[in-house]
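Structure first, then comments.
Bear in mind these aren't lab numbers, they're just calculated from the coordinates by the rules spelled out. Just so it is clear, the model here is predicted, and its values are computed rather than measured. Every residue, glycine as well, gets a Cβ built from its backbone with ideal geometry; the counts of neighbours run over all protein chains shown.
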Amino acid sequence: MVEALRAGVPATALYVAERIDADDRVREAIKLAADRGLPLLESPRAELDRITSGAVHQGLGLQVPPYVYAHADDLVTRAEQAGQVPLVVALDGVTDPRNLGAIVRSAAAFGAHGVVVPDRRSAGMTAGAWKASAGAAARVPVARVTNLTRQLEAYRRAGFTVAGLAADGLVDAADLDAAVDALVLVVGSEDQGLSRLVERSCDVLVRIPMGAGNESLNAGVAAGIVLYEVARHRARAR
C-alpha cells in the first residue's frame, strides 16, 4: 500500500482499520494520503475485509478508480517517443491478477513499454493486480485487445518479432538474438501454456532451461526471467 502511494497510483480514498497499530508503515501511508489530499476513512476490520474481498490488507485499503486501458498502438508510440527499441509483453490466458501485477512490475524493471491482455479469459487491472505491481502499474501502460492473435499479427506486420514462452521452445532465453530488435514476448498460462492459435502466431518459441524433474515456473516468475535476459542482450548491444 505504501509503495502504491509512493508511486502515485491513482486513488480516491485511503481506508484505515479502526484501532490499527500506528507503526511506521501506517504513519507513512496516512501522511502520503494526506499530502495528496485523499480522504482518510476509518473502517471496522470486518468492513475492510468486505471492501477488499477478503484480500490480505494489513489494516489499510486504497480505493482506486476503474483502470483506463491503453491502446495497443500506444505502446509502440511510447517506445518511439523515448527513442528506444520497442519491447511489449503480451499475456495469453493469464487469469491471476497477482501474476498480471508481477509481470507489470517486471516489465517496468526491465524496460518494457507496456503489457497487452485480451478482453476474455484474462486477468484485468484489478486492485489485486495494482497491489502486486507495487506501483509499477502507474508507470507501465496495460492495453486490452479484443483478439490477441490479430494484435500479434499486427505487431509482426509492424516489424516486431513475436517470441512465445514455452517449455518445449527451441531457443534458450539467454540465446534469443531477436531480443535486440522490436520484440513481443508472449507469456501463456501456467497450466496450459500458449493456446494453439497464439503459438502459431509466434516467430520463435523460447524456453527457460531447468533441471530435470522441476515443475514449471509461474507466469510472473517466468516472464521476469526472460525479460531480464532481453534487457541483458540489449545492454550488451549498446
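Some observations on this one:
- Rounded to the nearest 5, the antiparallel percentage of DSSP beta bridges internal to the chain is 15%.
- Computed from phi, the 3J(HN,Hα) profile of region 179-195 under the Karplus parametrisation 6.51, -1.76, 1.60 (θ = phi - 60°) reads 4, 7, 9, 4, 9, 10, 9, 9, 10, x, 6, 5, 7, 10, x, 6, 5 Hz, with x in place of Gly and Pro.
- Cut-off 18 Å, label 7 Å out along Cα→Cβ of Ala167, residues of region 91-131 by amide N: 92-95
- Normalised alpha carbon radius of gyration of region 118-207 [divisor 2.2 N^0.38 Å]: 1.15
- Amide H contacts of Leu62 (H built 1.01 Å from N, under 5 Å, at least 5 apart or other chain): Tyr15
- A cut-off under 13 angstrom between Cβ atoms defines the neighbours of Arg156, and their net charge, with Lys, Arg +1 and Asp, Glu -1, is 0.
- Dipole of region 95-199, positive direction: furthest Cα of Ala134, Gly188, Val171, with charges on the beta-carbon: Ala134
- What the Cβ-Cβ distance of Arg156 and Gln192 gives, at R0 = 22 Å and to the nearest 0.05, is a FRET efficiency of 0.45.
- Listed residues Val140, Val56, Val76, most fluctuating in the chain (Gaussian network, C-alpha, under 10 Å): Val56
- Residue order, fewest to most beta carbons within 10 Å, for His233, His71: His71, His233
- Entry note, the chain: the mean residue ellipticity at 222 nm calculated from DSSP H runs of n ≥ 4, each adding -39500 (n - 2.57), is -10500 deg cm²/dmol after division by the residues and rounding to the nearest 500.
- For the chain, built as a Gaussian network whose Cα springs stay under 10 Å, the top-fluctuating residue of Pro118, Pro97, Pro65: Pro65
- In this Cβ point-charge picture (+1 for Lys and Arg, -1 for Asp and Glu), the chain has a dipole of about 420 debye about its Cα centre.
- With q set to 0.12, 0.18, 0.19 Å⁻¹, the log10 of I(q)/I(0) for region 88-238, from the Debye formula over equal scatterers at the Cα positions, is -0.43, -1.03, -1.16.
- Values of log10 I(q)/I(0), in the order q = 0.25, 0.26, 0.29, 0.31 Å⁻¹, for region 48-105 under a Debye, Cα-only, solvent-free model: -1.15, -1.19, -1.25, -1.27
- GNM result for the chain, Cα springs below 10 Å: residue of Arg105, Arg45, Arg144 fluctuating most strongly: Arg45
- The 3J(HN,Hα) values that the Karplus relation (6.51, -1.76, 1.60; θ = phi - 60°) gives for region 139-149 are, in residue order, 10, 10, x, 10, 9, 10, 10, 6, 9, 5, 4 Hz. Gly and Pro appear as x.
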